[in-house]
Amino acid sequence: MDEIKDGLAEVACDVLVIGGGTAGPMAAYKAKVRNPKSRVILLEKANVRRSGAISMGMDGLNNAVIPGYATPEQYVKEITIANDGIVDQAPVLKYARNCYGIIEELDRFGIRFQKTENGDFDVKKVHHLGAYVLPMPNGDTVKKALYRQLRREQILISNRYMATRLLTSRDGHVAGAIAVNARTAEFLVVRAKTVILCMGAAGRLGLPQSGYLYGTYENATNSGDGYAMAYHAGAKLANLECYQINPLIKDYNGPACAYVAGPFGAYTTNAEGSRFIECDYWSGQMMQEFYNELQSGKGPVFLKLDHLHDETVTEIETILHKVERPSRGRFHEGRGTNYREKMVEMHISEIGFCSGHSASGVFVDDLARTTVPGLYAAGDMANVPHNYMLGAFTNGAVAGEDAADVASGIDLPEFDMAEVEAERERVLAPTRREDGVPPNQLEYKTRRLVNDYLQPPKVTAKMRLGQLRLEEVRDDLDTNMMVRDAHELMRSLEAASILDCADMAAAASLYREESRWGLYHNRVDFPDKNDADWFCHTLLSKKDGRMVAEKRAIEPYLVQIEEHERSAYDRQRILKQA
Amino acid sequence: MPLASSPTTVPVVVDEAKCIAEKGCTVCVDVCPLDVLRISEETGKAYMKYDECWYCMPCETDCPTGAVSVNIPYLLR
Ligand code: SF4
Ligand code: SF4
């Protein structure tokens, strides 16, 4: 395994789904159910059985809009306010209306949701305004349940194929994708009528404080390949300066997590054991307070559970040590941290792009369509703000159905074989060098520069310097990177995606000349929110080979936000009692 | 520039007495999201080839014989 082989195969399908984590399997399933005659291919860099953010399952739904507990309109309001108003509400409203149907569907797949003794859903309140958090008692089986459905519907699954670029026809319609096998370096051209990108967050962008390249918050496979591919295909990407930054267990870099432990009575404190934030829901404003506390004499910050009853802690442990990031228990054991006795030291994560938690993603409308005809995006990489796992499922379903409908009405778009040849040359160039810099060093340097120059507080002069340094890394990557086997080839492609994302992070952050979303876009030289000039989306795209930025107006709100409601998320800090 | 070979500890340990890779098992290699496990040509057993582990645990959870243990990578411990 891992020797580089020469090979090029071609297959064709109606709908191609790239990424088999959360949104991807649901998109593929829905496309096939919508049109059982269609050929649906699901391409995955790892293995669909255990890939993506929910590789080991999930403890619950963070944003379930369940009749009787919350209304879709209320949810839209909550997300609009939490995201500082920069929201096209139509996709959010669609999500809020569809997600209950998806919960019922997941229930049919065998995924259970916590009920009270009366048989009602046991919904918990974590957000500022409404209640949307619903535990999943057998959340560790999510991937298995999805996989069963994919097998039943005979979705064609290609594991260990990493997509590298999209193909487009002469008239700009998506025509498929080029992929390379992660273990043999053989190429696969997948022709398709429609393509759905479900490739997760750009989670390997900043460097974790530990210095370990793979010690990231996101599944470390999520290196932003979807963002890079969408960019190179000419799609527009929205609000990338609205980084993802999360409060995590220090060094372990996984969530502790407020959505699990919060409803049981755990909370975030400073070193004195005092609360300093009103609401543990992950927003940029909350992260700013978290950052301020870390910088103040009252840091570091902790998650406090030591006041809870022994049985309660045991219950929390059973969840935290079984799903999502189950090695948490081992980490605490190694440090001698028992939740009953010691508070858990917390820190802020490296930066990334992710719409699952913030709002940085490929621009999509309420049918999950990107700005490239025939190309869709769903899940963490599509800019439906704060959409989490249930958003990935729900918007994946929307994308799958529309992509199947569109595919059934068109012929297979033509593509240019010269594009494939050029891409093969680009990908294989590092394998032809006898000497040079290995991908891990290029990646390390890129990500260290991201930390040094691009993470907030954002300073204009620093970001400009960062751009210059990143240009030097790009020069090395283009002319001097060396790859010795197929596995390293995958890492070299990831290093290129990461560098693309770093360039986008710098360009987007420099473009928006105001501060917004708390810490996410805290621009020191433009400290105030400026609604007059910047109450809009910012879009990045590739035009004539260059990165350009533009403004896009927010669609008129479907759910009105009253003046006094707008600042709900601005009031995060607990005010001292007079 | 010439390459060096710098040593690094890897967090995943395979109990060779329990591993049944010689009977054709490749489960841990198949499921690992980061694709860092391989079957050794020398020993015929699974081992961690690349130091690129997300300590996520599918390898340990899905191994049919309980041969895999995931530790926290040294830099994070
Ligand atoms: S899954 Fe277990 S038995 Fe199978 S190859 Fe891996 S370590 Fe060996
Ligand atoms: S812990 Fe995760 S990344 Fe590490 S070897 Fe096991 S499956 Fe792979």
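Details
- Relative contact order of region B:12-72: 43 percent, from C-alpha pairs under 8 Å at least 6 residues apart in sequence.
- Entry note, chain A: relative contact order of 21 percent, from Cα contacts under 8 Å with a spacing of 6+ residues.
- A straight line joining the Cα centroids of region A:155-172 and region A:504-562 runs 30 Å.
- Database remark: amide H of residue A:115 closer than 5 angstrom to the amide H of A:122 (H placed geometrically; neighbours at sequence offset of 5 or more, or on other chains; Pro and chain starts carry no H).
- Whole-Å distance, taken between Cα centres, linking region A:270-300 and region A:331-350: 17 Å
- 5 angstrom amide H check on residue A:337, placed H, neighbours 5+ away: none
- Subset of A:124/A:304; A:77/A:322; A:342/A:529; A:125/A:236 violating a 30 Å alpha-carbon distance limit: A:77/A:322; A:342/A:529; A:125/A:236
- The orientation-averaged projection of the convex hull spanning the C-alpha atoms of chain B amounts to 6.0 square nanometres.
- The convex hull defined by the C-alpha atoms of region A:182-328 has an orientation-averaged projected area of 12.3 nm².
- Exposure of residue B:32 as accessible area (Å², to 10), given a probe of 1.4 Å and all protein chains: 10 Å²
- Set of aspartates and glutamates near residue A:30 by C-alpha distance (under 20 Å), chain-local residues within fewer than 8 positions excluded: A:14, A:44, A:104, A:105, A:107, A:153, A:365, A:366, A:380, A:401, A:402, A:405
- Nearest 10 degrees, 0 to 90: helix A:142-152 Cα axis against chain A principal axis: 30 degrees
- Fraction of alpha-carbon pairs over 48 Å apart in chain A - percent: 7 percent
- When the solvent-accessible area of region A:247-348 is split by element, carbon and sulfur atoms take up 44 percent of it, the probe being 1.4 Å.
- The stretch between residue A:419 and residue A:524 holds 33.5 nm of extra length on full extension. This uses 0.36 nm per residue minus the Cα-Cα distance.
- Within the straight-line cut-off of under 13 Å between alpha carbons, the aspartates and glutamates reachable from residue A:542 are A:500, A:503, A:550, sequence neighbours fewer than 8 places apart in one chain being disregarded.
- Residue-by-residue Karplus 3J(HN,Hα) for region A:221-238, coefficients 6.51, -1.76, 1.60, Hz, glycine and proline x: 5, 7, 9, x, 4, x, 4, 5, 5, 4, 4, 5, 7, x, 6, 8, 10, 10
- Computed magnitude of the charge dipole of region A:1-102 (debye, nearest 20; Cβ of K, R +1, Cβ of D, E -1): 520 debye
- In a reduced charge model with +1 at each Lys and Arg Cβ and -1 at each Asp and Glu Cβ, the protein assembly as shown shows a dipole moment near 500 debye about its Cα centre.
- Estimated inter-spin distance, residue A:480 and residue B:26, nm [label 7 Å along Cα→Cβ]: 3.7 nm
- Per residue value of the accessible surface for chain A (all protein chains in place, 1.4 Å probe), Å²: 36 Å²
- Using a 1.4 angstrom probe on protein heavy atoms only, the contact between A and B buries about 3100 square angstrom of accessible area, both sides summed.
- Compared with the direct C-alpha span, the chain from residue A:12 to residue A:295 gains 96.4 nm at full extension, assuming 0.36 nm per residue.
- Angle in degrees between helix A:460-480 and the longest Cα principal axis of chain A, rounded to the nearest 10: 40 degrees
- Considering region A:279-376, its Cα convex hull presents a mean projected area of 9.4 nm².
- Region B:12-72, dipole about Cα centre (Lys/Arg Cβ +1, Asp/Glu Cβ -1), debye to the nearest 20: 120 debye
- Alpha-carbon centroids, region B:1-56 and region A:214-234: separation in whole Å: 24 Å
- Take each residue in B:54-66, count the other chain C-beta atoms within 10 Å of its C-beta, and the mean is 5.
- Taking every DSSP beta bridge that has both ends in chain A, the antiparallel portion is near 65%.
- Delta accessible area of at least 30 Å² on complex formation, residues of region A:203-219, 1.4 Å probe, chain isolated as reference: A:210, A:212, A:214, A:219
- The loop-placed GluC sites (Glu not before Pro) in region A:309-384, going by DSSP, that have at most 10 neighbouring Cβ atoms within 10 Å of their Cβ come out as A:341.
- Of A:45/A:143; A:94/A:115; A:144/A:250, pairs whose Cα-Cα distance is over 27 Å: A:144/A:250
The values are calculated or read from the model by the stated rules, or taken from the named source; none is laboratory data. The shown structure was predicted, so the numbers you read here are calculated from the model rather than taken from an experiment. Every residue, glycine among them, receives a Cβ derived from its backbone with ideal geometry; neighbour counts consider all protein chains shown. For the accessible areas, the whole protein counts, side chains as well, though only heavy atoms, and no ligand, DNA or RNA atoms are used. Shrake-Rupley method; radii C 1.70, N 1.55, O 1.52, S 1.80 Å.
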